[in-house]
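*Asks:* Have a look at this one before I ask anything.
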Amino acid sequence: MIRPRANHPRRTRTQALQPPTDVERRSKERREGAAALDPTNPNARLYLATSYMSQWIPGAESPENLAFASMAKEEFLKVLEKDPANTTALASLASIAYNQAGSLAPDKKAEKLDEAAGWYKKLIEADPKNKEAYYSLGVIVWAKWYPALMTARAELRMKPEDPGPIKDKKVKEELKAKYSAMVDDGIANLQKALDIDKEYDDAMAYMNLLIRERADLLDNADDYKKQIEIADAWVQKNLDTKKAKAARTPATGGIVQDAK
């Protein structure tokens, strides 16, 4: 889904529960020293922030691991004080917030997802052609909308595979009021990502999901069926695109005999 960008390999969850090694401590001291010697150098500050982020394991709750996330966020914010349009800092702050949301209770999770969305919107302001930012906004909408839809279906004793639309008018209207505009916005952002990259298969996958699930809010079976057909077309386009990309990727690892 949304993957944090880092220039260093991440520590494993087991490593996150262990104290830092001497090598890690010395490396950390050197990086912090570089930033302290020249606090106006955004590259030194950015390197320090990225180093902290690469050592953070989303979901691990050890004090040391939580400190890495906190320090990374603090340093990225310092980068933005000097360079408000720094795309690496903006994307990293968005990624931290999104990944932190995964282990939170529903109300706190929604707040973190909103925080992540805010950073992605700032990233788009700085880089209007950033397809990952538009895509991520679509994913965040799905992460907020899908659990609500599944809860409503479960309460109405509808299985996930049962066709829609939702027949209980009151439940459907409540979902429409809270999520309809949000889902439309998510689809619009996914389309913007696809306008930038017509072969963005991840965006196609979420187009399928949002269109398919939005169909549950329609008023009749015919309209529902038409939207499912559109969603199915996105599934097929996703598969065709992946196949075309694979066909363009040269085979590696085999023995090639020279033509004579």
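The values are calculated or read from the model by the stated rules, or taken from the named source; none is laboratory data. All of these numbers come straight from a predicted model, not from anything done at the bench. Reconstructed Cβ throughout: ideal geometry from the backbone, glycine too, with neighbour counts over all protein chains shown.
*Asks:* Which one of these is assigned to a helix (DSSP H, G or I) and either surrounded by 24 or more Cβ atoms within 10 Å (Cβ to Cβ) or free of Cβ contacts under 8 Å to residues at least 60 places away in the same chain (or both): 92, 103?
*Replies:* Numbers: 103 fails: assigned to a helix (DSSP H, G or I).
It is 92.
*Asks:* Sticking with this one: For residues that are assigned to a helix (DSSP H, G or I) and charged (D, E, K, R), scanning just the stretch 151-162, find the one that is surrounded by the fewest Cβ atoms within 10 Å (Cβ to Cβ).
*Replies:* Taking the stretch 151-162 first, the residues assigned to a helix (DSSP H, G or I) are 151-155.
Right, trim to charged (D, E, K, R) and you get 153, 155.
On the way: 153: 18, 155: 10.
Filtering the stretch 151-162 for residues that are assigned to a helix (DSSP H, G or I) and charged (D, E, K, R), the one surrounded by the fewest Cβ atoms within 10 Å (Cβ to Cβ) comes out as 155.
*Asks:* Let me ask something else. Where residues in the stretch 60-87 are among the aliphatic types (A, V, I, L, M) and touching a residue at least 40 places away in the same chain (Cβ under 8 Å), which of them is farthest from residue 132 (Cα to Cα)? First the steps, then the outcome.
*Replies:* Applying the first criterion (among the aliphatic types (A, V, I, L, M)) to the stretch 60-87 yields 60, 66-67, 69, 71-72, 77, 79-80, 85.
Next cut, touching a residue at least 40 places away in the same chain (Cβ under 8 Å) only: 60, 85.
Details: 60: 26, 85: 16 Å.
Selected residue: 60.
*Asks:* Within the stretch 168-216, which residues are in a helix (DSSP H, G or I), among the charged types (D, E, K, R) and within 19 Å of residue 150 (Cα to Cα)?
*Replies:* 169, 170, 172, 173, 174, 176, 178, 184, 212, 213, 214, 216
*Asks:* Restricting attention to helices (runs of 4 or more DSSP H) lying wholly within the stretch 11-78, give those where 1 or more residues are at pLDDT below 90 and of a type in the set (Val, Ile, Thr). Give the derivation first.
*Replies:* Numbers: elements: 13-16, 22-37, 42-55.
So the answer is 13-16, 22-37.
*Asks:* Which number in (1) outside any helix (DSSP H, G or I); (2) without any contact (Cβ under 8 Å) to a residue 40 or more places away in the chain marks the one condition that residue 165 misses?
*Replies:* Just one mismatch for residue 165, condition (2).
*Asks:* Give the residues of the stretch 133-150 that are surrounded by fewer than 23 Cβ atoms within 10 Å (Cβ to Cβ) and either closer than 11 Å to residue 189 by Cα or without any contact (Cβ under 8 Å) to a residue 60 or more places away in the chain (or both), sorted by residue number.
*Replies:* Filtering the stretch 133-150 for residues surrounded by fewer than 23 Cβ atoms within 10 Å (Cβ to Cβ) gives 142-150.
Of everything in the stretch 133-150, those that are surrounded by fewer than 23 Cβ atoms within 10 Å (Cβ to Cβ) and either closer than 11 Å to residue 189 by Cα or without any contact (Cβ under 8 Å) to a residue 60 or more places away in the chain (or both) turn out to be 143, 144, 147, 148, 150.
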